[in-house]
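Below is one structure; the comments refer to it alone.
Laboratory data are not the source of any read-out in this text; all were calculated from the coordinates shown. All of these numbers come straight from a predicted model, not from anything done at the bench. Cβ sites come from the backbone with ideal geometry, for glycine too, and all protein chains shown count toward neighbours.
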Amino acid sequence: MTLGGASSKVDVFNGTPYLNPAAFTTSPQSASGSGVPLRVGTAPRFLSSVRGPHSMDEIFRMSKRFPFSKREGTFFGLGMTMTNPFNRTSRYIASTDVTDTEFFGKLLAGGGGRTIQLDARIEF
């Protein structure tokens with residue numbers, strides 16, 4: 001599997017090229033120093049609609065309610081919520097700003113680890 005012509009391993013420190021920076025350029029600007037673009041480009045300044053590689057995340061929730069007393073409507077509940085139970089690492093595009101020469105179009109890997117939250121509650 002290749003990611004933008006690179007291997008499937010993602011360099012988490014320097015980034016792996018994913019978008020070709022040569023395919024994007026800033027519009028030429030006027031020489032008067034005012035910085036007025038001479039023509040309109042075809043892409044927005046921030047490419048928020050660019051899709052990166054597929055990422056998966058899961059959240060599992062389990063709970064159980066027990067009657068607390070003989071009174072109607074009183075319960076004791078136990079629950080557990082698990083985020084990222086398979087401890088997956090996500091890949092994401094670091095920057096979609098074409099003026100960012102260091103991280104534009106580079107793919108990084110990261111993400112939070114597995115998280116478990118326990119809860120107990122009394123409903124009345």
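Structure values in brief
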| quantity | calculated |
| --- | --- |
| FRET efficiency for residue 72 and residue 121, using Cβ-Cβ distance with R0 set to 25 Å, rounded to 0.05 | 0.90 |
| Within the chain: Cβ-based charge dipole about Cα centre, in debye rounded to nearest 20 (Lys, Arg +1; Asp, Glu -1) | 460 |
| Value of relative contact order over the chain, rounded to a whole percent, pairs C-alpha under 8 Å and six or more apart | 29 |
| Alpha-carbon Rg with Dmax, taken over the stretch 16-123, Å | 25.1, 84 |
| Difference of contour (0.36 nm per residue) and Cα-Cα distance, residue 32 to residue 49 | 2.8 nm |
